[in-house]
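Just so you know, all these numbers are worked out from the coordinates, no wet-lab data involved. Model, not experiment: these values are computed from the prediction. A quick note on method: Cβ atoms are made from the backbone with ideal geometry, for glycine too, and the neighbour counts reach across all protein chains shown.
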Amino acid sequence: MKLNSFYSSIISLGIPIIYMNVKRKDLILNSILSGFFLMLTSFLAFITVELITPGWINSAWLLENLSGIIILTAPLEDLIWFFLMGMFIGPLYEFWKEGKIQNLKKE
């Protein structure tokens, strides 16, 4: 199909994310928060590694194949990918096992 790996990742993660969130609306918040937490964690990792070894992103990434938008050392496409991966992985177990969040607070 000659798609860039970024676009194929968006499609391959987007379809199951939409499916899970349509089937289990109670997992939408879990999905969004998981996406933000994984994106934040990866963002901090990009910054940390760039501080330790400056220029590693420029030498390891094929930036000419990306949009060229860099947010404090992290390529935009990577942040989007980590966000989508978090949205998928975060609620996956609860979706798969059909688990429900229970209130364990005793009355």
For the chain, the longest principal axis of the Cα atoms and the Cα long axis of helix 76-89 enclose an angle in degrees, to the nearest 10, of 20 degrees
For the range 1-96, listing trypsin sites (Lys or Arg not before Pro) in a DSSP loop whose Cβ sees at most 10 other Cβ atoms within 10 Å gives 2
The helix 5-23 Cα axis meets the longest alpha-carbon principal axis of the chain at an angle in degrees, between 0 and 90 and rounded to 10, of 10 degrees
Within the chain, pairs of Lys residues whose Cα atoms are less than 24 angstrom apart, provided they are eight or more positions apart or on distinct chains, add up to 6
Taking only the alpha-carbon positions of the chain as identical scatterers, the Debye log10 I(q)/I(0) at q = 0.12, 0.22 Å⁻¹ comes out as -0.52, -1.14
Ranked from fewest to most other Cβ atoms within 10 Å of their own Cβ, 51, 40 fall in the order 51, 40
The simple spin-label model distance between residue 69 and residue 32, using points 7 Å out along Cα→Cβ, in nm, is 2.0 nm
Most exposed to least, judged by fewest other Cβ atoms within 10 Å, 56, 96, 81 sort to 96, 56, 81
PRE zone check, label point 7 Å out along Cα-to-Cβ of residue 9, amide N under 20 Å, scope the range 27-55, hits 31-51, 55
Ranked on Cβ counts within 10 Å of their own Cβ, fewest leading, 26, 78 go 26, 78
